[in-house]
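Trainee: Could you have a look at this structure, given as structure tokens, before my questions?
Coordinate-derived values only; no laboratory data. Bear in mind the structure is a predicted one, so any value in this text is a computation, not a measurement. When we count neighbours, we look across all protein chains shown, and the Cβ atoms used for this are built from the backbone with ideal geometry, even at glycine.
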Amino acid sequence: MKKILFSIGIIAIFSNFSLFACTNFIITKGASKDGSCMVSYAADSHTLYGELYYRPAADYPAGSMMDVIEWDTGERLGQIPQVAHTYSVVGNMNEHQLAIGETTYGGLEELWKKNGIMDYGSLIYITLQRAKNAREAIKTLSELLDAYGYCSEGESFSIVDPNEAWIFELIGKGEEMKDAKGKTLKGWTKGAVWVARRIPDGYISGHANQARITTFPLTDGKTSITNKEIEKVFLPDIETVYSHDVISFAKLKGLYDAKKPDAEFSFCDTYAPLDFSGARFCEARVWTAFYRCNPALMAPYEKYARGEELNNKMPLWIKPDRKLSVQDVMELMRDHYEGTSMDMTKDIGAGPYACPYRWRPMNWEYNGKKYIHERATATQQTGFSFVAQARSWLPDKFGGILWFGVDDAASCCYMPVFCGINQIPNALKEGNGSIVEYSATAAYWIFTKVSNFAYSRYKDMIVPIKEKQHQLENSFVDEINKMEKEMVDLFKTDPNRAQAKINQYTNERVKKVCTEWNSLFEYLLVKFNDGNVKKEKDGKFIMTDSAKPQAASPDHPAYPDFWYKIIVDDCGENIKEQ
């Protein structure tokens, strides 16, 4: 989602605008413990509400048309022909275990002008309705862009199916280029320029609002092709696909020296040049995930992530030093740079209770000098996040799991939503509450109660929150693993019963999580009421007199010494005992 950029995409301004800024981590099947492919996604916006989108499968008569609706604004952009059959889509995963995530990097402002009707959200959700796997998705994206043009800023897409993972980066071409006579300049066509690369099996990748693809293998028809040969995308050895004019267009616009070799062309350096903000606010999130997965390899790139050594560009993908479980990927989404030089729990902005959050704006000034707040993966303004898990050895509708969470990823619980369900749990349904309308039955508001209360005494409250997260998420993983044999047999012998079972399981687990989170809020409210911390024994609060439950016997934990020093330095003489 969107990274607001000024001045030809050079300066990132993080403010109180309706700001979209998302994070994707991509795990190939050879890098995962169970052989699944995974992609994580956080949809971060101060105006985005956490709910689960659903589009049922459908059949359409010949000649049918569909509206293209811009995802960010709801504006009707135009119409395109509908296909005969569309697949069901739950969130960002369809019934065939194809998942697509995105982050907006913006790029060069001169290329933002619309030249068509396909916005990035429509590209994602239309493709999910029409493609069964990652390679079909690339073909579909290519054809949609060529036919209907593009009207969004620079985007990075994560495309994952049960067997492969790809990163696809695109940017528009801006306004139509014309010659002196007003005719369309030769070499300019509507749509976008783009590059898609398959992530090698056994590796992980990611992107976070900064374009990441640099140089890439040029077409040889065997491992690399352009969209002019898009039908070859299904050949298993093809690992790079790109628009035929991705380089020639850059030369036409004067963005890349026409005398330089095509082999030296770098997509991100041309269309989204990296600056301090792109590194510190964006690449740093990818760096910290890579660092968690291979500290020895990634430690030398910390200064790059800090925006201090921009020429020491980190790799597009890395091999982790261990294989990752789905729970490991969930934890990557909960990061605040803990244990690094950007650790948000350590500086004075964290307050006495190590709160790893800073309220916006992120760029600010004091006494004529400019400063920033860090932008971590886990952030308060997340509408929803997920870890999509695609498992090749299982029936599609059961094999694909959208581990779905709402509000802040650090304090949410990921709920198992099978990609093949055709009933959405009420707590996650579109229309159950909104960002400006409270609903006591909506998962978003249930989770927001806990997270916003936790920010007031974070280091203490996050402990029981994490215990509950891990308890529930681990139990769901265990339950689903034990269901495998039964569900494989059931989808073969009685598909209708299998459908009912995945609907029921998803609905019951979402209900369970919401019930547990309401109870967790009540527990936190009682335990930490009025700045006190009540004692517990055998799971119950200890009272001074069991006959008088109102007479609780709480602890009164002192502030840490560093906080007392700050108080003394500020107003010590005024409050000093005489």
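Trainee: So if I place +1 on the C-beta of Lys and Arg and -1 on the C-beta of Asp and Glu, and nothing else carries charge, what would the dipole magnitude of the chain be about its Cα centre? I want it in debye, nearest 20.
Mentor: About 420 debye.
Trainee: If you take every residue apart from residue 36 with its C-beta less than 9 Å away from the C-beta of residue 36, what net charge results, scoring Lys and Arg +1 and Asp and Glu -1? Each step should come with its number before you reach the end.
Mentor: Working: positive: 29, 33, 391; negative: 34.
With Lys, Arg at +1 and Asp, Glu at -1, the neighbours total +2.
Trainee: Using θ = phi - 60° and the Karplus curve 6.51 cos²θ - 1.76 cosθ + 1.60, what whole-Hz ³J(HN,Hα) does each residue of the range 95-107 get, with Gly and Pro shown as x?
Mentor: Coupling constants for the range 95-107: 5, 9, 6, 7, 10, 10, x, 7, 9, 8, 10, x, x Hz.
Trainee: Could I ask something else about it? Using only the alpha-carbon atoms of the range 206-336 as identical scatterers, what base-10 log of I(q)/I(0) does the Debye formula give at q = 0.11, 0.20 Å⁻¹?
Mentor: -0.51, -1.14
Trainee: To the nearest 0.05, how large is the calculated FRET efficiency for residue 147 and residue 566 if R₀ is 41 Å and r is the Cβ-Cβ distance?
Mentor: Result of the calculation: an efficiency of 0.10.
Trainee: Working out 0.36 nm times the residue gap between residue 228 and residue 456, then minus their Cα-Cα distance, what length gain in nm do you get to one decimal?
Mentor: Length gained between residue 228 and residue 456: 76.5 nm.
Trainee: Let me ask something else. Over the chain, one equal point on each Cα, no solvent: what is log10 I(q)/I(0) by the Debye formula at q = 0.07, 0.09 Å⁻¹?
Mentor: Log10 I(q)/I(0), no solvent term: -0.44, -0.71.
Trainee: Here's another thing I want to ask about it. Which one, 542, 455, 500, projects farthest toward the positive side of the charge dipole computed for the range 455-578 from Cβ point charges (K/R +1, D/E -1)?
Mentor: 500
Trainee: Would you mind working out the magnitude of the charge dipole of the range 213-297 relative to its Cα centre, with +1 at each Lys and Arg C-beta and -1 at each Asp and Glu C-beta, to the nearest 20 Debye?
Mentor: 240
Trainee: Each label point is 7 Å from the Cα along the Cα-to-Cβ direction; what then is the distance between the points at residue 83 and residue 59, in nm?
Mentor: 1.7
Trainee: Return the FRET efficiency for the residue pair residue 574, residue 343: r is the Cβ-Cβ distance, R0 is 35 Å, and the value is rounded to the nearest 0.05.
Mentor: Efficiency at R0 = 35 Å is approximately 0.60.
Trainee: With the calculation restricted to Cα positions, what are the radius of gyration and Dmax of the range 86-189 in angstrom?
Mentor: In Å, with Rg to one decimal and Dmax whole: 15.1, 52.
Trainee: Could you pull out which residues in the range 335-356 have an amide N less than 18 Å from a spot 7 Å beyond the Cα of residue 555, following the Cα-Cβ vector?
Mentor: The answer is 352-355, whose backbone nitrogens lie closer than 18 Å to the label point.
Trainee: Moving on. Hey, with R₀ at 41 Å, roughly what FRET efficiency would residue 34 and residue 534 work out to, going by the Cβ-Cβ distance, to 0.05?
Mentor: 0.50
Trainee: Pick out the long, greasy-scoring helices in the chain: whole DSSP H runs spanning 30 Å or more along their own axis by Cα, mean Kyte-Doolittle at least 1.0.
Mentor: Helices meeting the criterion: none.
Trainee: Projected onto the charge dipole of the chain (+1 at Lys/Arg Cβ, -1 at Asp/Glu Cβ, origin at the Cα centre), which of 216, 202, 470 gives the Cα projection farthest towards the positive end?
Mentor: The one lying farthest along the dipole's positive direction is 216.
Trainee: With point charges of +1 on the Cβ of Lys and Arg and -1 on the Cβ of Asp and Glu, referenced to the Cα centre of the chain, which listed residue (315, 45, 116) lies farthest in the positive direction of the dipole?
Mentor: It is 116.
Trainee: How big is the antiparallel share of DSSP beta bridges in the chain, given as a percent to the nearest 5?
Mentor: Beta bridges within the chain, antiparallel portion: roughly 95 percent.
Trainee: Still on this structure, I have one more. Excluding residue 439 itself, calculate the net charge of residues whose Cβ lies under 11 Å from the Cβ of residue 439, where each Lys or Arg counts +1 and each Asp or Glu counts -1.
Mentor: -1
Trainee: Using a 10 angstrom Cβ neighbour count of at most 10 plus a DSSP loop assignment to flag exposed trypsin sites (Lys or Arg not before Pro), which longest range of the chain is free of such sites?
Mentor: Between exposed loop sites, the widest span is 323-575.
Trainee: Given H placed on each backbone N at 1.01 Å, which residues far from residue 118 in sequence or on other chains put an amide H within less than 5 Å of it?
Mentor: Residues meeting the criterion, in which the H sits 1.01 Å from N, are 150, 151.
Trainee: Could you pull out which residues in the range 173-190 have an amide N less than 15 Å from a spot 7 Å beyond the Cα of residue 244, following the Cα-Cβ vector?
Mentor: Taking a point 7 Å out along Cα→Cβ of residue 244, the residues of the range 173-190 whose backbone N falls under 15 Å are 186-190.
Trainee: For the chain, what is the mean residue ellipticity at 222 nm derived from helices alone (per DSSP H run of n ≥ 4: -39500 (n - 2.57); sum divided by total residues; nearest 500 deg cm²/dmol)?
Mentor: -8500 deg cm²/dmol
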